[in-house]
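The values are calculated or read from the model by the stated rules, or taken from the named source; none is laboratory data. Worth saying up front: this structure is predicted, and the values here are computed from it rather than measured. Counting neighbours? That spans all protein chains shown, and the Cβs are built from the backbone with ideal geometry, glycine included.
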Amino acid sequence: MTKNNKKSRVYFKTFGCRTNMFDSQVMMNKLDNFEITNDENNADVIVINSCTVTNSADTTVRSYVNHINNNTKAKIFLTGCGAHTKGEDLFKDEKVFGVFGQSEKQKIDKLLQSDTAFYELGDLKFVDKSIIGEFIGKSRAFIKIQEGCNFRCNYCIIPFVRGDARSMDEERILQQVSKLSSNGFGEFILTGTNVGSYGTGSNTNIARLMKRMSQIRGVRRIRIGSLEPIQINDEFKEILDEPWLERHLHIALQHTSQKMLKIMNRRNHFKQDMELFELLRDKNFALGTDFIVGHPGESEEIWNEAVSNLKLLPLTHLHAFSYSKRDKTVSATMKDTISGDVAKKRLHQITNIVEHKNYQFRLKHNKNLDILVEHKTKNGLYSGLDQYFNKITIQSNEDLSGNWITCNDCIVKDKYNYVQI
């Protein structure tokens with residue numbers, strides 16, 4: 001699509017998880033007849049890669065669509081998980097010009113050139129075959145290794161908008177890593193809907209994949225998205241001492257009360273979770289988790305049990321959020337709902353607990369930090385992440401963006417580490 005022989009400008013607005021971030025990069029790399037812009041006000045076309053994990057996520061996407069319609073003349077296209085839940089309504093209301101599912105993203109150059117409004121969801125059984133050579137605006141590379149989820153947690157709609165678990169071809173993944181590594185990327189983040197399920201139904205698994213990845217020249221560090229506790233099996237434990245494995249693991253517990261885990265239809269059990277976390281702590285891993293606060297049925301008794309258990313865990317990072325009703329899920333039909341004020345108070349309580357744990361961890365681990373510098377901040381400092389997934393802020397007169405540096409004795413601040421070089 002051109003205007004006066006000039007390529008139309010496309011702006012990508014990405015909501016949600018790392019999988020969406022990868023999908024946006026795939027779409028950017030598939031554009032031949034368009035120019036990418038980082039300024040939505042300068043865009044002729046806006047592609048919204050949406051999230052639908054909660055009702056509020058849908059609301060956020062709808063608000064953004066309204067904002068664009070009210071403030072620009074850009075043509076709007078909707079993709080991502082929200083295409084399956086709110087795409088039809090937005091299309092019928094003529095809020096968006098086109099809607100397409102994740103399986104259609106490789107055709108984006110053709111779709112954006114369409115003169116006719118369209119609604120194409122595609123299917124939920126596709127396996128991504130995209131190979132990209134560049135991550136626009138990133139110093140780290142996200143590698144999508146699988147799609148979908150076979151778990152059926154009561155609060156979650158994602159399996160119904162991403163489909164059942166299926167894995168990308170291992171040779172194609174390695175080809176992708178090799179290509180990006182040859183283009184200067186040294187850190188790779190494995191992502192997907194349920195990353196730890198990679199290889200389900202075939203003769204491989206995530207541990208074997210990472211071993212093969214580590215043998216590719218230029219691969220310096222491998223990070224992993226969220227894992228389920230049961231996915232850290234004996235074969236995975238064999239790679240825990242490998243130097244290329246990040247020293248931070250994010251293990252999704254969702255709650256620390258056994259009663260609440262049963263209400264949520266979770267597969268993990270706190271006693272085994274505790275044993276796993278202690279094993280990883282003894283190997284000097286930083287440990288993160290997801291935690292849903294205020295799910296229906298979270299009584300005061302259950303909450304007190306959860307807090308007591310949380311204090312026992314050697315956690316360093318926490319992705320906690322208040323429960324938000326998601327239509328068409330089992331949890332949405334449950335009674336004994338928790339008020340927003342109570343959930344907010346509980347969220348603040350556990351956040352403070354883990355922030356203190358993180359601070360204590362950084363006091364012990366402030367030497368020999370291996371930092372990939374990502375970008376320069378607005379206040380003129382550089383920012384990056386160390387091997388423990390802690391943010392490091394660096395003052396330097398040199399341009400450090402994209403560089404690896406080692407800090408042998410970092411100064412520990414309340415919220416972050418600060419390095420003067």
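Observations on the model:
- Per-region count, segment 136-160, residues of a type in the set (A, V, I, L, M) and in contact with a Gly (Cβ under 8 Å, 6 or more places away or on another chain): 1
- In this entry, V342 is excluded by the filter for residues that are assigned by TED's automatic domain parsing to the domain that holds E246, within 23 Å of I224 (Cα to Cα) and part of a helix (DSSP H, G or I).
- Residue that is under 19 Å from the mean Cα position of the chain (by Cα), assigned to a helix (DSSP H, G or I) and under 29 Å from D164 (Cα atoms), where the choices are D89, D109, D23: D23
- Among the residues of segment 123-159, those identified as surrounded by fewer than 17 Cβ atoms within 10 Å (Cβ to Cβ) and at pLDDT below 85 are D123, K125, V127, K129, I131, G133, E134, I136, G137, K138.
- Among the candidates E246, E242, residue that is in contact with a strand residue (DSSP E or B) (Cβ under 6 Å, 6 or more places away or on another chain), of a type in the set (D, E) and within 26 Å of N366 (Cβ to Cβ): E246
- Looking only at segment 310-359, and only at residues there that are hydroxyl-bearing (S, T, Y) and in contact with a helix residue (DSSP H, G or I) (Cβ under 8 Å, 6 or more places away or on another chain), the one that is surrounded by the most Cβ atoms within 10 Å (Cβ to Cβ): T316
- Residues of segment 26-42 satisfying the condition of being assigned to a helix (DSSP H, G or I) and not polar (S, T, N, Q): V26, M27, M28, E40
- Only residues that are farther than 18 Å from L261 by Cβ and either at pLDDT 95 or above or of a type in the set (D, E, K, R) (or both) were counted across segment 307-325, and they come to 4.
- Residue in segment 195-202 that is in contact (Cβ under 8 Å) with a residue 60 or more places away in the chain and at positive phi present: no
Yes/no matrix, rows are residues, columns are (1) exposed (fewer than 15 other Cβ atoms within 10 Å of the Cβ); (2) of a type outside the set (G, A, S); (3) under 26 Å from I158 (Cβ atoms):
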residue: E170; (1), (2), (3): no, yes, yes
residue: V177; (1), (2), (3): no, yes, yes
residue: L180; (1), (2), (3): no, yes, no
residue: G192; (1), (2), (3): no, no, yes
residue: G201; (1), (2), (3): yes, no, yes
residue: M210; (1), (2), (3): no, yes, yes
residue: M213; (1), (2), (3): no, yes, yes
residue: I216; (1), (2), (3): no, yes, no
residue: R221; (1), (2), (3): no, yes, no
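- Test: residue in segment 198-212 that is in contact with a Cys (Cβ under 8 Å, 6 or more places away or on another chain) and assigned by TED's automatic domain parsing to the domain that holds F151: no
- Enumeration of residues in segment 245-284 that are part of a loop (DSSP other than H, G, I, E, B) and crowded, with 16+ Cβ neighbours inside 10 Å: E246, R247, A252, L253, H255, T256, S257, M264, R266, N268
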